[in-house]
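What follows is one structure encoded as structure tokens, with my remarks underneath.
Please treat every number below as a calculation from the coordinates, not as lab data. Only a predicted model underlies this, so the values are computations on that prediction, with no experimental measurement involved. Every residue, glycine as well, gets a Cβ built from its backbone with ideal geometry; the counts of neighbours run over all protein chains shown.
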Amino acid sequence: MYPKQYKQKSVWDQIDMIQKVMSIDFNEGEVEKILSLPLPEKAEGLFVIPRQRGSYINEIENSLSVISESRKFYSHCQFGKKDIRRQERTRQAVSFIERSQEAIGDIIIIPAQFGLPYKGFSAKEVERKMSPREFGLGAKEVSWMLFTHYGREYKESSIHPFCPGDVAKVKKSFILSPYFEHGEKILEFGVLDCNQSLQDFGAVTAFF
């Protein structure tokens, strides 16, 4: 289960938190339209993510930097521009959401789940189990979700989120998925094998 400290925040609370660390413009009326829609099946809530402004690797670096300024944090990874990439399914889904929510402004709002439904499954297994309108989230999205939901990854967490929407490489093969885990006293960021099934990890996915 999720840590007892984890509580789903409202979209407005998430927007307020993001506004404190970066400048964003958004249309309140368009946000309300999203809030009026029913959640897709399996979605646990709505999560606010800043719209992509630069290269994806820069987006990851920026989101990890925001986390590091809000809590104790350590990254085991140093990615170059060609060391991590979006899964094609995720790239297409995020692009679709960005186009369909263009009128909102500098953010997108995505229905997602934070890992519990895929507890113990590898990234490869999750790919086969996802519904047609479901896709894996990457390190950028999960970083912002953790920033706005501090209690999701805490010392009492028994299920740590990993990011099946990204794939990173070791040597020349893209076989790794990014993950977050609360260590002894610190939030850590690393990678695990896409084929590895670990009972204390769960894939974070979203819906469109």
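Points worth noting:
- Residue-by-residue Karplus 3J(HN,Hα) for the range 171-179, coefficients 6.51, -1.76, 1.60, Hz, glycine and proline x: 6, 10, 10, 8, 9, 10, 10, x, 8
- Model label sites at Arg133 and Lys169, defined 7 Å from Cα along the beta-carbon direction, differ in position by 3.5 nm.
- Built amide H within the under 5 Å cut-off of His160, gap 5+: Phe201, Gly202
- D (Stokes-Einstein, µm²/s), Kirkwood Cα radius, the range 165-205, 1.567 mPa s at 4 °C: 115 µm²/s
- Dimensions of the chain from C-alpha coordinates, computed as largest minus smallest value along each principal axis and given longest first, are 45, 35, 33 Å.
- Subset of Lys7/Lys42; Lys82/Lys124; Lys9/Lys81; Lys20/Lys82; Lys33/Lys81; Lys4/Lys124 violating a 26 Å alpha-carbon distance limit: Lys9/Lys81; Lys20/Lys82; Lys33/Lys81; Lys4/Lys124
- The range 80-208, relative contact order [Cα under 8 Å, separation at least 6], %: 38 percent
- Sites listed here are trypsin sites (Lys or Arg not before Pro) in the range 100-208 whose DSSP assignment is loop and whose Cβ has at most 15 other Cβ atoms within 10 Å: Arg133, Lys155, Lys171, Lys172, Lys185.
- In order along the range 192-208, the phi-based Karplus estimate (6.51 cos²θ - 1.76 cosθ + 1.60, θ = phi - 60°) of 3J(HN,Hα) comes to 9, 5, 4, 8, 8, 9, 10, 5, 9, 10, x, 6, 8, 10, 9, 9, 9 Hz; Gly and Pro are listed as x.
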